Every structure is written in C-alpha cells, then in structure tokens.
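For reference, the structure is listed below as structure tokens.
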Amino acid sequence: MYDNMSKIIIIAIDGFSSTGKSTIAKLIAKKYNYIYVDSGAMYRAVTLFAKENNFVGNDFLDTKQLIFNLKQISLSFKFNESLGFSEMYLNNKNVEKEIRSLEISQLVSKVSAISEVRKKLVSEQQLMGLDKGIVMDGRDIGTVVFPKAELKLFMTASADKRALRRYKELTERGDNVQFDDILFNVQERDKLDSTREDSPLVKAKNAIEFDNSNMEIREQFEKICDLVDRIVSDKT
Ligand code: DC
C-alpha cells in the first residue's frame, strides 16, 4: 500500500469496451489506496432506470421522458469489503448484476449519447475527484471529466479479444449468451461511442496508449505503476 498521501494525483483511464480498464483500475487503486470509480456503471445504471420505466427499448428511446425524470435517479457506490471494490446502487438498490447484462450493454450507448444524461453524470464524477486520489475509467475521463488529470491512459485491444473476455465473464456467471452477439455488441458500441456528438470516445492528446491484445495484466500493471511513481516523484 502507498503511504505518502500528500502526493496524490488523478488517474484517468479511457478506452473501448472490455479492454480490461476496470481490472487494471482496481489494481492501481488498491496499490495506491485510491478511490476507484467505474463511470460506465453509472451510465449502465441510468440505462437500467430508463429500461425499467419503459423510456428505452431495442427500437425506441423516449429522450424527453428520460430527461424529465433524471432527477428521480440517485446513484451511489458502496464499498463491498468481501469483494474489495465498490458496487453500484440505483436509488439505494444494489444493481451490479443487472447492469452487466447483455441487454443493458445493447441499450447503454443510446442512453449515454444524451447530453443531459452526460451533464448529470459528469458533474457527479467531478465531485468525486475533488480531493484527487482517484482512478476513474470510462470513455471521456481524460478529455471531459478530468482534462487536467496527471496521468491519462488509453486502452485498446482487438474486437475479437475483447468479445472473448466479455463472453467468458458472462458465461461464467451463468448468462446464456452467444459469442457472435457479444462481438456484434462490442463493435456496435465502439462505433456509437466513438461517433456520438457529445464527448465521443477519443484518445486525449496527452494520453498514453496501451494495446493489451497480447499483454498480460501483470505486465500492464507494472508499466502503469512505473508511470504513477514517476509522476508522483516529479511532484515532490
Ligand atoms: O465501461 P462500460 O463498457 O461499462 O460502459 C458502458 C457504456 O457507457 C459505454 O458503451 C459507453 C458509456 N460510457 C460513456 O459514455 N462514458 C463514460 N465515461 C463511461 C461509459
């Protein structure tokens, strides 16, 4: 565990879906005793709310109603001691399992393209980073949420590798899904997330790119820790 809390920074990790951002972010947060925030979980929770209220479905999106009801949405993260990371709560209900389903993955890019949704979530995310000491992953963290983050990473990997990771994750927890559907979803989300008008997924100018198609977690972790240590020692 890192013990000099006076040298705290913000670490922004952006990239395509299923590039292992959250796995790396959790490890980094644990090592430096930082807060970890999965911003994608927040977009997924808003999507779950929209789905439960019939504001979004496979072939429709009621943007007006969703925007009108945004104030009904309360999002919070609660630390789960036994898992060692925080879980997403929507209006005080743990929604970790529901938000990771393929159904929510198929709707989330539509909901996260709505500017009013982004505005609400970005301001909540910025509040969480006020004291620094935070690792946040997502799509617009280094570009919009924390443009002044001391360390920005951009993760990529081939679509096939990413779909396979996601397929394993979902089947291991018992979901009945087909690999081709996952691959299609990964590619669709890449397209939608990168081409939307508001805060598209782009690599921040000063972000360091990691293609982890063929890189083990341990190797990435060590490289990132080197970067953090260098920045932190430069600040002294
Ligand atoms: O990280 P994830 O795959 O769980 O994110 C789910 C979706 O949420 C992703 O396809 C796009 C959206 N998202 C976003 O628009 N901005 C973020 N900062 C994080 C996620």
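Basic side chains Lys and Arg get +1 at the Cβ, acidic Asp and Glu get -1 at the Cβ, and with that the dipole of the chain about its Cα centre reaches some 460 debye.
The GluC sites (Glu not before Pro) found in the range 1-105 that occupy coil by DSSP, while having at most 12 further C-beta atoms within 10 Å, are E81.
Accessible surface computed residue by residue for the chain, with neighbouring protein chains in place and a 1.4 Å probe, gives 50 Å² per residue. Using C-alpha pairs below 8 Å separated by at least 6 residues, the relative contact order for the range 22-181 is 26 percent. Say a site is exposed when it is one of the trypsin sites (Lys or Arg not before Pro), sits in a DSSP loop, and has at most 14 other Cβ atoms within 10 Å; what is then the longest site-free stretch of the chain? With trypsin sites (Lys or Arg not before Pro) excluded where exposed in loops, the chain gives 1-147 as its longest stretch. The GluC sites (Glu not before Pro) found in the range 180-236 that occupy coil by DSSP, while having at most 14 further C-beta atoms within 10 Å, are E197, E216. For M215, no residue whose modelled amide H falls within less than 5 Å of its own remains once neighbours fewer than 5 places apart on the same chain are excluded.
Ordering A29, S18, T47 by Cα displacement along the dipole of the range 1-67 toward the positive end leaves A29 in first place; charges were set at the Cβ atoms of Lys, Arg (+1) and Asp, Glu (-1).
Charge dipole of the range 130-222 (Cα centre as origin; +1 on each Lys and Arg Cβ, -1 on each Asp and Glu Cβ, all else neutral): 200 debye, rounded to the nearest 20. When the helices of the chain are scored as -39500 (n - 2.57) per DSSP H run of n ≥ 4 and the total is divided over every residue, the value at 222 nm lands at -14500 deg cm²/dmol. The portion of the accessible surface of the chain made up by carbon and sulfur, rounded to a whole percent, is 50 (1.4 Å probe; DNA, RNA and ligands excluded). Based on the convex hull around the alpha carbon atoms, the chain presents an average projected area of 12.6 nm². Step through the table entries K26/K161; K7/K119; K26/K168; K26/K93, compare each Cα-Cα distance with 26 Å, and write down the pairs that go over it. From the list (K26/K161; K7/K119; K26/K168; K26/K93), the Cα-Cα distance tops 26 Å for K7/K119. For the chain, hydrophobic long helices are taken as DSSP H runs at least 15 Å long by C-alpha position along their axis with mean Kyte-Doolittle hydropathy of -1.0 or more; these are 21-32, 39-52, 102-112, 115-128, 179-195, 217-234.
Amide hydrogen proximity for I8: with H placed 1.01 Å from N in the peptide plane, no residue at 5 or more positions away or on another chain lies under 5 Å. Among the aspartates and glutamates, select those whose C-alpha is under 14 Å from the C-alpha of K110, and discard any that sit fewer than 8 residues away in the same chain. Of all the aspartates and glutamates, those that pass the test against K110 - Cα under 14 Å, at least 8 places apart if same chain - are D59, D62, E188, D190, D193, E197, D198. Straight-line cross-link reach from K152 at under 13 Å between alpha-carbon atoms covers these aspartates and glutamates, not counting any fewer than eight positions away in the same chain: D14, D137, D140, E209.
The stretch between S82 and E52 holds 7.9 nm of extra length on full extension. This uses 0.36 nm per residue minus the Cα-Cα distance.
The residue among V95, L170, M155 whose Cα reaches farthest toward the positive pole of the charge dipole of the range 52-187, with charges on the beta-carbon of Lys, Arg, Asp and Glu, is M155.
The values are calculated or read from the model by the stated rules, or taken from the named source; none is laboratory data. Since this is a predicted model, take the numbers as computed values, not measurements. We place every Cβ from the backbone using ideal geometry, glycine too, and count neighbours over all the protein chains shown. Surface areas here come from the heavy atoms of the whole protein model, side chains and all, with no ligands, DNA or RNA. Shrake-Rupley method; radii C 1.70, N 1.55, O 1.52, S 1.80 Å.
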